Structure formats: structure tokens, C-alpha cells
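Student: Once you've had a glance at the structure underneath, I'll fire off some questions.
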Amino acid sequence: MHQSKFEALDRRGFLLTAFGTGAALRLAPGALFADDELTVRLPFENGERPLVQYPQKRRLIRHTSRPPQLETPFEVFNEGLLTPNDAFFVRYHLTSSPPPAMMLGADKFRLEIKGSAGKPMSYSLAELQQAFPSTEVVAVNQCSGNSRGFFNPRVPGGQLGNGAMGCARWKGVRLADVLQAAEPKNEARQVLFNGLDRPILPASPDFIKALDLDAALAPEPILAWEMNGESLPWLNGYPLRLVVPGHYGTYWVKHLNEITLVDQTYQGFYMNPAYRIPDDPCAHVEPGTTPKKTVPIQRLNVRSFITSLSGGTAVKKGEKLRVRGIAFDGGSGIDEVLFSSDLRQGWQVARLGENLGKFAFREWTIDWVPERGGLYELRVKATNRLGQSQPLEPLWNPSGYMRNVVESVAVQVV
Ligand SMILES: Nc1nc2c(c(=O)[nH]1)N[C@H]1C(S)=C(S)[C@@H](COP(=O)(O)O)O[C@H]1N2
Ligand SMILES: [Mo]
């Protein structure tokens, strides 16, 4: 029963992707969003979601419409290491998001750097691009709550599958260069980032994120206007966003127009109590309990996925099959990927593929010959250059953040 459900969905998911462009043509003239009855079911209870097309996007899995929260269908991660802009996931918090396109006109846009700075600055996009050397990085943007729908016991928050992540080539200027030009005062401790999306009601907290000054002055974070060689899509932060390689997506503030240096640790809602994890090396507590102490979420933990096969797929006995997938971590880089088709027989080392840098998805492949018929649980486990790996049993925390258990895909050998 369980198994056949999976099969139907996988087939449906695949068909929908294959015909995504055709579906787009059914948009009524002048309609902003195509919104009909196409759905997918994520493999957990209450996992049914519509597939909806937004501007500059192909059909994506919609979790909420106000604000839009869209997940990438998992098959996309088998297309290549860079997630196409039109398939890249979308996460917003404030009901009024995204800011209307007319607020974003590149001619009107200005970025302010203010607060505890000797030389507060203001730039148009063109001024910013001319004032500092530009730089590029390939980096994974992953939502803290990616895969939350798989938490057991279930936890409140967006019930996401595994597609609230993506890897892109980002181009911009170094945040450190922009901050130094504003001459941070000696007292400055943190840097706050705010975008053009603002709450409708004065009582709702604004989406503002903070980095410690030393993290903000590190060489990696950039103020990016380009993603995979094109302007940022509207829903991914046009015209400018913060990119913090190795850090969870929550820090990657979109439509960024205000940078403020402050002398204290910022305690706004989206730094405290939101986006905090148990103060424990594995960010977990006993299921159902409350952590005694929490700290702001920070770097991505190690994850790996099989992308070439999905649950319920049938494969041929005795025939060599190339299994492919991705692995990534918070910026030390992937050292090793292991594959298992049967835990009793242990693990085999997979081949690592193209290396787009230590913040990117790393491809892995392995040739596998299924010797017997029946059900196999295929598993993949990565280790990074710090020796950190993935647990065989899922770890739990009350916000449903940082899932990184060894994932498995069940295939039927016939
Ligand atoms: N302005 C703004 N930036 C934001 C958010 C937001 O709500 N508003 N959400 C953050 C979160 S939690 C995530 S996971 C990423 C998602 O980036 P994406 O929408 O480009 O995929 O955006 C971040 N930047
Ligand atoms: Mo997020």
C-alpha cells in the first residue's frame, strides 16, 4: 500500500516535470500565476501540494501563497550541479512579500550602510558595481527547515520535502569591502541586514538578520546581483541579495537595501527566538523535549542524496547501473562519499565528480550491479574534510532544522 503510493507519485512527478513547459502555455492571458489542479504528494502524511508557476519560474511545489513559498521538485537536482534559476526554491516570511516589482526598479534602488560607521554610505546598484571589484562563488543555499516534513515526532513550521535547497553561481562584491569603506567604529559588534519586504502591521517583526562583525568581514560573504549568469530572479532577491556561503539560507537576505552596524548583539525576532538551535555539537535534543540553551543557527551540516533514482523505481537484475547524486557541507568541502545497497554488506567508496568549490554541490557516482531480485534500500553517506559525517538515525530538535540523517531510497530489482 505504502509502496504503490510512492510509485504513483513518482510517475506523476516525472510527467509533470516533463510537460512543465506545456502546462505553462495554459496560462490565461494577463494572469499572473497559473493555478490549476496539478498536485504532487511529498512522501509524508498531509504531503499533498499544488504545482504552481510564478513569474520567471517553472512549476514548483507550493507550500504557501501568502507569502509565496515554493520548493524545487527533487528531479531537478539530477539535471546538473547548478540549480536553474527558474527551478530555484523560494522562501519568504512576511505576508506582503515579495516586495512589488515597482519598488525594485534598478534605477530607484539604493543600498544604505549606516549605524556604527565612521563613513555611512549609500550606493545605487551601478555605483556599487563600479566601486568594488566583483567576485564569484558557487554556493548552496539551503533553508534551515529543509526536509522538516520528515521529522518524527512532527514539528510545526513549513512541512518541506528535500527541495528547499539549490546551488548556484553567485556574482557580486565582497561584503567585507563594502563594510570597510564605511569605516566600522571600534565598538561595532554585529552587522544587520534588512530587505525591501516590510511587515504590513507595526506589531509584526521585520525580517532582519545579524552576523557577528568578524563573520561579516570574512572573505566569503558577497552582495550579489547575479545568479547563474543572469540578474537575480524577482523571487530570489532582485536586485541585490546577501550570499553567505556555508551558512543557512536564513542569512541570505533578499532585496537587501539596509546594512546597519550595531554595538550590541541584536535580539530581533528572527535572531531570537527564531532560527535558533540547541547549543549542542549535533544541534539536537531528546525528541519532544525543549533545549535548555540555544544559539543562532549557522553553518550547513553534511548532507548527501541519491538523485538518479527515486523511491519505488524498478531496476533490472544483473545489469550495471550508474547511480548518481550530490553531497555538500558548510564549506570545508566533501572528502568522501560512501554508497550501500545493503547495510549488512557495508559501504563502498563512490567516485567524486566535478568540483565547483567547497561551498557547492559535489557530484558522486558509483556503478552498481544488483545481484538478486527484490527490494533494496540504497543509502549514501558523506564525510567532509573536518571528518564530520551523517548519522544513521535522525536527530531531532523542536524547530525541525538541520536534518542530515543518511537518506535511503527503496528500489525494486526485477
Ligand atoms: N528579504 C528576505 N530575505 C530572505 C527571507 C525573507 O523572508 N525575506 N528569507 C530567508 C530564508 S529563511 C531563506 S531559506 C532564503 C531563501 O532564499 P530563496 O528564496 O532565494 O531560495 O532567503 C532568505 N532571505
Ligand atoms: Mo529558511
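The values are calculated or read from the model by the stated rules, or taken from the named source; none is laboratory data. This is a predicted model, so every value here is computed, not measured. Cβ: placed from backbone, ideal geometry, glycine included. Neighbour counts: every protein chain shown.
Student: Sort through A350, A410, A382, A314 and tell me the only one that's touching a strand residue (DSSP E or B) at 6+ places or on another chain (Cβ under 6 Å) and surrounded by fewer than 16 Cβ atoms within 10 Å (Cβ to Cβ). Break it down stepwise before answering.
Tutor: Values: A350 fails: surrounded by fewer than 16 Cβ atoms within 10 Å (Cβ to Cβ); A410 fails: surrounded by fewer than 16 Cβ atoms within 10 Å (Cβ to Cβ); A382 fails: surrounded by fewer than 16 Cβ atoms within 10 Å (Cβ to Cβ).
Sole residue among the options that is touching a strand residue (DSSP E or B) at 6+ places or on another chain (Cβ under 6 Å) and surrounded by fewer than 16 Cβ atoms within 10 Å (Cβ to Cβ): A314.
Student: Inspect the range 267-288 for any residue being exposed (fewer than 15 other Cβ atoms within 10 Å of the Cβ) and polar (S, T, N, Q) and give the result as yes or no.
Tutor: Within the range 267-288, one or more residues are exposed (fewer than 15 other Cβ atoms within 10 Å of the Cβ) and polar (S, T, N, Q).
Student: Give all pairs with beta carbons closer than 9 Å in which a residue from the range 86-112 that is aromatic (F, W, Y) meets a residue that is within 11 Å of ligand 1 (Cβ to nearest atom) and part of a helix (DSSP H, G or I); count only pairs at least 6 apart in sequence or on separate chains.
Tutor: F88/L235; F88/N236; F89/N236; F89/G249; Y92/L235
Student: Looking for something assigned to a strand (DSSP E or B) and within 15 Å of ligand 1 (Cβ to nearest atom) - is there at least one such residue anywhere in the range 144-151? Write out each step before concluding.
Tutor: Going residue by residue through the range 144-151, those that are assigned to a strand (DSSP E or B) are none.
Taking every residue of the range 144-151 in turn, none turns out to be assigned to a strand (DSSP E or B) and within 15 Å of ligand 1 (Cβ to nearest atom).
Student: Quick one: T290 ticks every box in (1) within 23 Å of the chain's Cα centre (by Cα); (2) over 22 Å from E79 (Cβ atoms) except a single one, so which number is it?
Tutor: Result: T290 passes all but (1).
Student: While we're looking at this one, here's another question. Pick from the range 182-214 the residues that are crowded, with 16+ Cβ neighbours inside 10 Å and of a type in the set (G, A, S): which of them is nearest to ligand 2 (Cβ to nearest atom)?
Tutor: Only one residue fits best here, namely G195.
Student: Counting only residues that are more than 13 Å from ligand 1 (Cβ to nearest atom) and either in a strand (DSSP E or B) or not acidic (D, E) (or both), how many does the range 156-190 have? First the steps, then the outcome.
Tutor: Quick first cut of the range 156-190, residues more than 13 Å from ligand 1 (Cβ to nearest atom) only: 156, 159, 161-162, 169, 171-190.
Filter once more, so that each one left must be either in a strand (DSSP E or B) or not acidic (D, E) (or both): 156, 159, 161-162, 169, 171-176, 178-182, 184-186, 188-190.
Total satisfying the criteria: 22.
Student: Exactly one condition in (1) aromatic (F, W, Y); (2) in a helix (DSSP H, G or I); (3) within 16 Å of ligand 2 (Cβ to nearest atom) is false for Y92; which is it?
Tutor: Only one criterion is unmet by Y92, namely (2).
Student: Filter the range 274-301 down to the residues that are in contact with a Ser or Thr (Cβ under 8 Å, 6 or more places away or on another chain) and not aliphatic (A, V, I, L, M) and list them by number.
Tutor: Of everything in the range 274-301, those that are in contact with a Ser or Thr (Cβ under 8 Å, 6 or more places away or on another chain) and not aliphatic (A, V, I, L, M) turn out to be Y275, R276, P278, D279.
Student: Further, regarding this structure: Output the residues belonging to the range 106-156 that are more than 30 Å from L356 (Cα to Cα), surrounded by fewer than 18 Cβ atoms within 10 Å (Cβ to Cβ) and modelled with pLDDT of 95 or more.
Tutor: R110, E112, K114, G118, K119, P120, S122, S124, N152, P153, R154, P156
Student: Which of (1) more than 10 Å from ligand 1 (Cβ to nearest atom); (2) touching a helix residue (DSSP H, G or I) at 6+ places or on another chain (Cβ under 8 Å); (3) aromatic (F, W, Y) is the odd one out, the single condition F193 does not satisfy?
Tutor: So the condition that F193 fails would be (1).
Student: Tell me which strands (runs of 3 or more DSSP E) are completely within the range 357-414 and hold 2 or more residues being under 23 Å from A168 (Cβ atoms), or say none if there are none.
Tutor: Numbers: elements: 362-368, 374-384, 408-413.
Strands (runs of 3 or more DSSP E) meeting the threshold: 362-368, 374-384.
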